[in-house]
Amino acid sequence: MVVKNNKKKVNRKDDILSALAIMLEGKPGQRITTAKLAAEVGVSEAALYRHFPSKARMFEGLIDFTETTIFSHINVIKEQQKDTFVRIEHIVHFLLGFSEQNPGITRILSGDALVGENERLQLRIEHVFSKLETQIKQTLRERPISDGQKFEMDEGILANLLLAYIEGRMAQFVRSQFKQKPTLHFKSQWIFFYKQLTQS
């Protein structure tokens, strides 16, 4: 009996987070209220707070999902691909594709959905991007293992540049109200990045 109740509770939590993610796919800049979210889920605001003590915790639930999804997929890429440049290409393309498929979550990653929300949410997003930059830097530093060569430029600088590109594409996606897809022109832009990286 207890197991069944817990299962229902978890499913309701998932329902709330799914509804929040869908609502965030609306017009960028639009603030989500708990009243609107409760109406979307089909429960009372009091019911929302039985599952999450605050709206900030709901956002944190989506951030947790995002962080787990992103880094587990990056680990798969690193296991499957051994060449440094192929790894980086796949990681960057995956992040842009994830953004494109999850516009609501991209609003969180870009900070658009967090305006006026609890400050700790911005810190969580900073942490996610910091971990991403570290992952990219580490991947670049492993280049001597794949082809015996090392970058002349500091890998941290290169990782920061690639992350700025990723964040920029996400920001353009949100600013264009999801019209300018993050993966648009990726193949051509990657050719440019590849040439620059091999000469760096």
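The values are calculated or read from the model by the stated rules, or taken from the named source; none is laboratory data. As the structure is a computational prediction, the values presented were derived from the model and not from experiment. Reconstructed Cβ throughout: ideal geometry from the backbone, glycine too, with neighbour counts over all protein chains shown. In case anyone asks, the SASA skips ligands and DNA or RNA and just uses the protein heavy atoms, side chains included. Shrake-Rupley method; radii C 1.70, N 1.55, O 1.52, S 1.80 Å.
Build a GNM of the chain with springs between Cα atoms under 10 Å apart, and of 172, 122, 80 the one that fluctuates most is 80.
By accessible area, using a 1.4 Å probe on protein heavy atoms only, the chain has 52% of its surface on carbon and sulfur. Each peptide in 187-199, 14-26 gets a packing score, the mean of other Cβ atoms within 10 Å over its residues, and the list from highest to lowest is 14-26, 187-199.
On a per residue basis, the chain carries 55 Å² of accessible surface, using protein heavy atoms and a 1.4 Å probe. Only the Cβ atoms of Lys and Arg (+1) and of Asp and Glu (-1) were treated as charged; on that basis the dipole of the chain about its Cα centre amounts to roughly 620 debye. Rg over Rh for segment 90-200 works out to 1.01, using Cα positions for both radii and the Kirkwood form for Rh.
Number of Lys-Lys pairs in segment 1-148 with C-alpha atoms under 15 Å apart and a separation of 8 or more places or on different chains: 5.
The gain in end-to-end length when the residue 80 to residue 128 segment is fully stretched comes to 15.0 nm, 0.36 nm per residue minus the alpha carbon separation. When its C-alpha radius of gyration is set against 2.2 N^0.38 Å (N residues), the chain gives a value of 1.17.
Temperature 10 °C, viscosity 1.306 mPa s: under these conditions the Stokes-Einstein estimate for segment 11-88, based on its Kirkwood radius over C-alpha pairs, is 111 µm² per second.
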